[in-house]
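Engineer: There's a structure below that I have some questions on.
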Amino acid sequence: MDDPLARYEPILDDYEAFRAACERPLPQVVRVNTIKATVVRAERALKEAGVGYEPVGWNDELLAVDTDKPGNTWPYVHGWLYGQEEVSAVPAVVCDPDPGDRVFDPCAAPGSKTTHLAALMDDEGLLVANDSNLGRLSALRSNAERCGLTNVAVTKSDARNFSLAPFGGEGFDRAVVDVPCSCEGTIRKNPDALDEWSLDHVDGVAGIQKGILSRAIEVTRPGGTVVYSTCTFAPEENEAVVDHALAEHDVELVEYDLPLSTRAGLTSWDGETYNASLNRAKRIYPHLNDTGGFFCAKLEVAA
Ligand SMILES: C[S@@+](CC[C@H](N)C(=O)[O-])C[C@H]1O[C@@H](n2cnc3c(N)ncnc32)[C@H](O)[C@@H]1O
């Protein structure tokens, strides 16, 4: 398809603004790693490093920085900062883990959500960071080490077959399921993101997403929380995957607050109708908050 994003015109209330935002480069954002530094201390370090910054507004720990290479600054090397797209901070905020929780991150590499979850857990409890890709796992290990995580256990498996056996068979309190996807929402960061786009790929990855989300639900305890996220707009990978989980498992979609401009999840697409509660999921388009694109749904497992 020449223009994969054109198919979203019917679901967008300001299609021109959406297309214009997709053409603009993405602001550079870092998250303060509160395991190693307070926001005040990290801000002072940025000043000392000669890097201008501005809070993004909705989350005190996220700072827009005026350098293209935040990874080259000393506060970053010290593990006080993590370079992370603004919307990528959404799943851990929505998951909202407590210190001491048991949390599952089935598609964890290179570790944006893992390091954020660990910080929200005050580095206490158990955080299982899994991925199937060995190369990406080494990036995760290096990020976890740089950020000073001690509550993380790293595993390598296909998340569709994840085993609880090494963890005593006990289900998790929470999971953040940040699945592989067609990455349409990363177009501002990576202009080549859509070069290999095809509906066949979308349908193929949607099958994997369904398997990963299903297994994450199965290994979460009754009453636990499962957050599902992608950085793509494709309803086949978003609402359709959650709709499948709602049909197959004893889970429900719950409302959540997010201080960003969002649009409700879709309840129909391309002749398919989804569970009416899908409107509790949130879509984030680039023109709404000057960010990348994102989808996030919060599920609760029946108690
Ligand atoms: C969107 S990325 C995850 C990004 C990560 N959560 C972060 O915030 O840094 C998706 C990840 O899923 C992994 N993956 C793909 N298929 C998988 C599978 N079947 N089981 C586990 N991980 C898988 C990929 O290697 C990739 O690292």
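The values are calculated or read from the model by the stated rules, or taken from the named source; none is laboratory data. This one's a predicted model, so the numbers in the text were calculated from it and none came from an experiment. Every residue, glycine among them, receives a Cβ derived from its backbone with ideal geometry; neighbour counts consider all protein chains shown. Please note that ligands, DNA and RNA were not included when accessible areas were found on the heavy atoms of the full protein model with its side chains. Shrake-Rupley method; radii C 1.70, N 1.55, O 1.52, S 1.80 Å.
Engineer: Return the only residue of 66, 3, 96 being acidic (Asp, Glu) and at pLDDT below 95.
Structural biologist: Going through 66, 3, 96 in turn, just one is acidic (Asp, Glu) and at pLDDT below 95: 3.
Engineer: Return the pairs, sorted by first residue and then second, in which the second residue is away from the ligand (no atom under 12 Å from the Cβ), the first residue lies in region 138-153 and is at positive phi, the beta carbons are less than 6 Å apart, and the residues are 6+ apart or on different chains.
Structural biologist: Within 6 Å, the pairs are 148/35; 148/36; 148/79.
Engineer: Filter region 189-207 for residues that are open to solvent by less than 60 Å² (accessible area, probe 1.4 Å) and touching a residue at least 24 places away in the same chain (Cβ under 8 Å); which is nearest to residue 286 (Cα to Cα)?
Structural biologist: Quick first cut of region 189-207, residues open to solvent by less than 60 Å² (accessible area, probe 1.4 Å) only: 193-194, 197-198, 202, 204-207.
Subsequent filtering for residues that are touching a residue at least 24 places away in the same chain (Cβ under 8 Å) retains 194, 197-198, 202, 205-206.
Values: 194: 15, 197: 19, 198: 21, 202: 20, 205: 23, 206: 22 Å.
Across region 189-207, the extreme among qualifying residues is 194.
Engineer: Looking at region 109-133, I want the residues that are farther than 18 Å from residue 213 by Cα and have a partner that is among the basic types (Lys, Arg) and open to solvent by 30 Å² or more (accessible area, probe 1.4 Å) with Cβ atoms under 7 Å, at least 6 apart or on another chain. Which pairs are those?
Structural biologist: Going by the 7 Å Cβ cut-off, the qualifying pairs are 110/136; 125/102; 126/102.
Engineer: Okay, moving on. Restricting region 1-59 to residues that are over 30 Å from residue 234 (Cβ atoms) and of a type in the set (Gly, Ala, Ser), which is most open to solvent (accessible area, probe 1.4 Å)? Step through it out loud before you land on a result.
Structural biologist: Keep residues of region 1-59 that are over 30 Å from residue 234 (Cβ atoms), which gives 32-55.
Imposing the further condition that a residue be of a type in the set (Gly, Ala, Ser) reduces the set to 37, 42, 45, 49-50, 52.
On the way: 37: 5, 42: 0, 45: 2, 49: 40, 50: 66, 52: 28 Å².
Filtering region 1-59 for residues that are over 30 Å from residue 234 (Cβ atoms) and of a type in the set (Gly, Ala, Ser), the one most open to solvent (accessible area, probe 1.4 Å) comes out as 50.
Engineer: Right, here's the next one. Under 7 Å between Cβ atoms, which residue pairs at least 6 apart in sequence (or on different chains) link something in region 23-49 that is farther than 30 Å from residue 125 by Cα with a partner that is among the small types (Gly, Ala, Ser)?
Structural biologist: Pairs that qualify, where the first residue is farther than 30 Å from residue 125 by Cα and the partner is among the small types (Gly, Ala, Ser), are 26/292; 27/64; 28/64.
Engineer: Scan region 55-82 residue by residue and report those that are more than 18 Å from the chain's Cα centre (by Cα) and polar (S, T, N, Q).
Structural biologist: Result: 67, 72, 73.
Engineer: Okay, next question. Just name the residue that is nearest to the ligand (Cβ to nearest atom) out of those in region 63-88 that are buried (at least 22 other Cβ atoms within 10 Å of the Cβ) and touching a residue at least 60 places away in the same chain (Cβ under 8 Å).
Structural biologist: Only one residue tops the list, namely 88.
Engineer: May I pose another question? Suppose we keep only residues that are under 19 Å from the mean Cα position of the chain (by Cα) and open to solvent by 40 Å² or more (accessible area, probe 1.4 Å) within region 106-125. Which one would you say is farthest from the ligand (Cβ to nearest atom)?
Structural biologist: 120
Engineer: Now a separate question. Filter region 89-101 for residues that are open to solvent by 40 Å² or more (accessible area, probe 1.4 Å) and of a type in the set (D, E, K, R); which is farthest from the ligand (Cβ to nearest atom)?
Structural biologist: 98
Engineer: Anything in region 161-177 that is within 22 Å of the chain's Cα centre (by Cα) and surrounded by fewer than 17 Cβ atoms within 10 Å (Cβ to Cβ)? List them, or say none.
Structural biologist: Initially, region 161-177 is screened for residues within 22 Å of the chain's Cα centre (by Cα), giving 161-162, 171-177.
Correct list: 161 only.
Listed here are the residues, each with its yes/no results for (1) touching a residue at least 60 places away in the same chain (Cβ under 8 Å); (2) open to solvent by 20 Å² or more (accessible area, probe 1.4 Å); (3) among the acidic types (Asp, Glu).
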residue	(1), (2), (3)
266	yes, yes, no
273	no, yes, no
279	no, yes, no
291	yes, no, no
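Engineer: Count, please, the residues in region 146-192 that happen to be under 28 Å from residue 235 (Cβ atoms) and within 12 Å of the ligand (Cβ to nearest atom). Break it down stepwise before answering.
Structural biologist: From region 146-192, those under 28 Å from residue 235 (Cβ atoms) are 158-162, 172, 174-192; that's our starting set.
Subset that is within 12 Å of the ligand (Cβ to nearest atom): 158-162, 175-183, 185-186.
Count: 16.
Engineer: May I pose another question? Out of (1) more than 9 Å from the ligand (Cβ to nearest atom); (2) within 17 Å of the chain's Cα centre (by Cα); (3) at pLDDT 95 or above; (4) open to solvent by 60 Å² or more (accessible area, probe 1.4 Å), what's the single condition that is false for residue 136?
Structural biologist: Of (1) more than 9 Å from the ligand (Cβ to nearest atom); (2) within 17 Å of the chain's Cα centre (by Cα); (3) at pLDDT 95 or above; (4) open to solvent by 60 Å² or more (accessible area, probe 1.4 Å), only one is false for residue 136: (1).
Engineer: Considering each of 243, 257 in turn, give the residue that is outside any strand (DSSP E or B) and over 18 Å from the mean Cα position of the chain (by Cα).
Structural biologist: Values: 257 fails: over 18 Å from the mean Cα position of the chain (by Cα).
Every option except 243 fails the conditions.
Engineer: While we're looking at this one, here's another question. For residue 219, state whether it is over 30 Å from residue 15 (Cβ atoms), of a type outside the set (Gly, Ala, Ser) and surrounded by 14 or more Cβ atoms within 10 Å (Cβ to Cβ).
Structural biologist: For residue 219, the condition - over 30 Å from residue 15 (Cβ atoms), of a type outside the set (Gly, Ala, Ser) and surrounded by 14 or more Cβ atoms within 10 Å (Cβ to Cβ) - is met.
Engineer: I've got another one for you. Filter region 1-22 down to residues that are assigned to a helix (DSSP H, G or I) and without any contact (Cβ under 8 Å) to a residue 40 or more places away in the chain, then give me how many there are.
Structural biologist: To start, the set of residues in region 1-22 that are assigned to a helix (DSSP H, G or I) comprises 4-11, 15-22.
Right, trim to without any contact (Cβ under 8 Å) to a residue 40 or more places away in the chain and you get 6-7, 9-10, 15-16, 19.
Qualifying residue count, region 1-22: 7.
Engineer: Then there is this: Could you please let me know if residue 204 is modelled with pLDDT of 95 or more and within 16 Å of the ligand (Cβ to nearest atom)?
Structural biologist: Numbers: modelled with pLDDT of 95 or more: yes; within 16 Å of the ligand (Cβ to nearest atom): yes.
In short, yes.
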